[in-house]
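The values are calculated or read from the model by the stated rules, or taken from the named source; none is laboratory data. Keep in mind it's a predicted model, so treat the numbers as computed, not measured. Using ideal geometry, Cβ is built from the backbone for each residue, glycine included, and neighbour counts are taken over all protein chains shown.
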Amino acid sequence: MATPTALERRPATTPVEETLRILDRDGGLIIEGMFPRAVIDAMRAATDERAEAEIPGAATQGLGEDGKGFVGANTVRFSSLGTLTPAYFEMLDNEVFAAIADAVLLPTCGSYWVNTGQVMYIGPGESAQVLHRDGNNWWEFVSRTWPDSPEITLSMMIGLDEVTEELGATRVVPGSHRWESLERWGDDDLETVPAELGPGDALVYSGQVLHGGGANQTADQWRRAMHLSVVAGWLTPEESNPIDYTTEELAQQSPRVQRLLGHRSYDPRPLRGGGLWLKHARAIEEN
């Protein structure tokens, strides 16, 4: 099958079955209008204000020079987004993403939680990020099960403004989630396609597909987007959500939001096992 020359685009009203078919075939697609504009505008206002206080290149997601190269020298990254605006909690309750994540992840876990919600503002002149797979965060599992690895994480890149190829739109290698070997991943000669977004559009992609932030080819403009991903509940996420929010701070949020942020217990059944993530040897139950 020929590699697609562009990612498929579908409206948020698309039946989940069709979305899953494209996701399974290509490894990613763009869902237009996934988030209401009012929610995106609130998130953009809060993150723009926070970004003013951030130093480009200061994120420490990785260690050493490789880590610095991965996060970008002129890229602003920060998380703990629910401490900035309640719009973040509304995004976590998005029904379209919930339906996709349920279908992709629940066959391998009792529930899933947020891996990270992270702003990624790519600055002028930033070079392209190395191509990578999000699932490789859990390398011990993926490397032992590839190429038959089950999906363990699902991600979105969400436009907070217009995201064009020139500004550094995320680049994807369609079909790379189906390759027989994990060895080829950071090559500069791989054919990629850009995920151009409008405000509220989302690139939804598999944790197994190769992708990376694009080069910002402008002299004075920033690419404004955010990443939101979830991971199987039996794995450790990137972001320490459970210690970012107190029980009282999340009391008015939905049970789904509480679970996604680590404030509910994990029950692996019917996958077999006992209750996990307990408090005082008691499950933190849904109301």
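In the range 14-49, what residues are under 20 Å from residue 210 (Cβ atoms), surrounded by 15 or more Cβ atoms within 10 Å (Cβ to Cβ) and among the charged types (D, E, K, R)?
Listed by number, the residues that qualify are 25, 26.
Which ones in the range 143-172 are free of Cβ contacts under 8 Å to residues at least 60 places away in the same chain and surrounded by 20 or more Cβ atoms within 10 Å (Cβ to Cβ)?
Residues satisfying the conditions are 151, 167, 168, 169, 170, 171.
I want to confirm something. Restricting to the range 50-78 and keeping residues that are in a helix (DSSP H, G or I) and at pLDDT 95 or above, which single residue is surrounded by the fewest Cβ atoms within 10 Å (Cβ to Cβ)?
Applying the filter and picking the extreme gives 51.
Provide a single number: the residues in the range 150-208 that are under 13 Å from residue 131 (Cα atoms) and hydroxyl-bearing (Ser, Thr, Tyr).
Selection size over the range 150-208: 3.
Among the residues of the range 241-255, are any buried (at least 18 other Cβ atoms within 10 Å of the Cβ) and touching a strand residue (DSSP E or B) at 6+ places or on another chain (Cβ under 8 Å)?
There is at least one residue in the range 241-255 that is buried (at least 18 other Cβ atoms within 10 Å of the Cβ) and touching a strand residue (DSSP E or B) at 6+ places or on another chain (Cβ under 8 Å).
Please work out which residue is modelled with the lowest pLDDT, limiting yourself to the range 1-49 and to residues that are out of contact with any helix residue (DSSP H, G or I) (no Cβ under 9 Å at 6 or more places or on another chain), farther than 30 Å from residue 80 by Cβ and among the aliphatic types (A, V, I, L, M).
Here the answer is 2.
Name the one entry in 261, 235 that is surrounded by fewer than 22 Cβ atoms within 10 Å (Cβ to Cβ) and more than 27 Å from residue 11 (Cα to Cα).
235
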